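What follows is calculated from the coordinates using simple rules that are stated; it is not laboratory data. It should be emphasised that the depicted structure is a prediction, and the values quoted were computed from it without experimental measurement. So basically every Cβ, Gly included, is an ideal-geometry build from the backbone, and we count neighbours across all protein chains shown.
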């Protein structure tokens with residue numbers, strides 16, 4: 001108990017200083033509540049399960065990967081949805097008191113697909129790296145580190161994992177994913193992979209990261225998997241998509257200069273028969289809500305204005 005004296009009123013005021021263990025418990029509870037109350041996660045833990053997971057997971061760091069293309073199509077832009085991955089990762093890092101969040105930009109994996117000219121992949125990678133750097137700077141995510149997977153080609157440790165430790169795997173993209181995870185776990189103390197999935201079921205299903213995570217788990221027992229929900233579009237034929245890839249023709253919010261949030265949201269809202277609009281706007285509101293909670297933003301602006309403010313903040317940096 002700390003006692004201060006208010007000399008102006010000649011009253012003694014008692015200010016309670018909480019023990020550090022209690023302060024830690026309160027903060028831990030807030031971070032867990034944020035994870036439990038967001039609709040951005042498929043991982044559906046109770047508070048007790050989150051507390052157990054926090055104590056028992058292996059490794060002190062986190063990673064998530066970002067692809068440049070679907071299995072057939074190249075990404076045209078970076079969607080607003082990617083911020084959900086950044087904010088969930090930061091929430092998890094604070095919860096486990098992690099030192100690092102690694103972001104793997106999978107340019108090497110895109111090259112192995114042999115569907116897109118390498119020069120175009122290099123150009124897209126440069127664009128993605130710049131946007132990610134501005135996101136990190138804009139939100140002071142000083143514990144985040146970007147790794148370009150082509151830069152690992154000269155690392156003898158990962159080359160040994162890929163060439164000598166792993167068996168022959170016909171899917172070269174998958175083999176790179178597994179090697180990356182083992183390398184991060186072994187040499188960078190990574191114990192958590194944040195991915196995204198179409199469904200909550202714990203098995204490979206759909207065109208998401210569940211397939212890769214199932215295979216990684218066979219070779220890397222020290223990594224836990226947390227799954228975010230999909231990105232969302234206003235396209236009724238394709239409402240659930242990757243949170244970090246946006247292909248031509250998709251109706252969604254993008255991280256780009258001069259993106260007009262008010263115009264786009266107005267155009268979506270007047271589509272009364274479009275069943276994809278409401279889930280997409282709810283998803284975007286959840287990203288903004290997590291942003292506000294993490295960074296203590298108490299602004300009373302509308303959702304559209306908040307999203308525009310976030311995009312403009314990134315564009316300015």
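Rank-order 245-253, 177-185 by packing density, defined as the average count of other C-beta atoms within 10 Å over each peptide's residues, highest first.
Numbers: 245-253: 18.4, 177-185: 24.0.
Most protected by this proxy first, the peptides run 177-185, 245-253.
Given Cα pairs under 8 Å that are at least 6 residues apart, what percent is the relative contact order of the chain?
Answer for the chain is 22 percent.
Relative contact order (percent) for the range 125-215, with alpha-carbon contacts under 8 angstrom and 6 or more residues of separation?
Relative contact order comes out at 15 percent.
Rank 292, 107, 267 by mean-square fluctuation in a GNM of the chain with C-alpha springs under 10 angstrom and give only the top-ranked residue.
Ranking 292, 107, 267 by mean-square fluctuation puts 267 first.
Nearest 0.05, what FRET efficiency do residue 54 and residue 166 give at R0 = 30 Å with Cβ-Cβ as r?
Details: r = 31 Å, r/R0 = 1.03.
After rounding to 0.05, the efficiency reads 0.45.
Which value in deg cm²/dmol, rounded to the nearest 500, describes the helix-derived mean residue ellipticity at 222 nm for the chain, given -39,500 (n - 2.57) per DSSP H run of n ≥ 4 and division by the residue count?
Details: 11 runs with 144 residues, N = 317.
Rounded to the nearest 500, it is -14500 deg cm²/dmol.
Roughly how large, in nm² to one decimal, is the mean projection of the convex hull of the alpha-carbon atoms in the range 198-317?
Spelled out: convex hull of the Cα atoms, projected over all directions, averaged, 9.7 nm².
Could you state the principal axis extents of the C-alpha atoms in the range 25-73, from the largest down, to the nearest angstrom?
Taking the Cα atoms of the range 25-73, the three principal extents are 46, 26, 16 Å.
As a footprinting exposure proxy, order 102, 211 by other Cβ within 10 Å, with the fewest listed first.
211, 102
Report the residue, chosen from 242, 75, 46, that carries the largest GNM mean-square fluctuation when the chain is represented by alpha-carbon nodes joined by springs under 10 Å.
Checking each option, the largest mean-square fluctuation is seen for 46.
Once the Cβ-Cβ distance between residue 99 and residue 270 is put in as r, and R0 is 45 Å, what FRET efficiency do you end up with, to the nearest 0.05?
Computed FRET efficiency for residue 99 and residue 270 comes out at 0.45.
Hey, could you grab the Kirkwood Rh for the range 28-316? Inverse mean 1/r over distinct alpha carbon pairs, Å, one decimal.
19.6 Å
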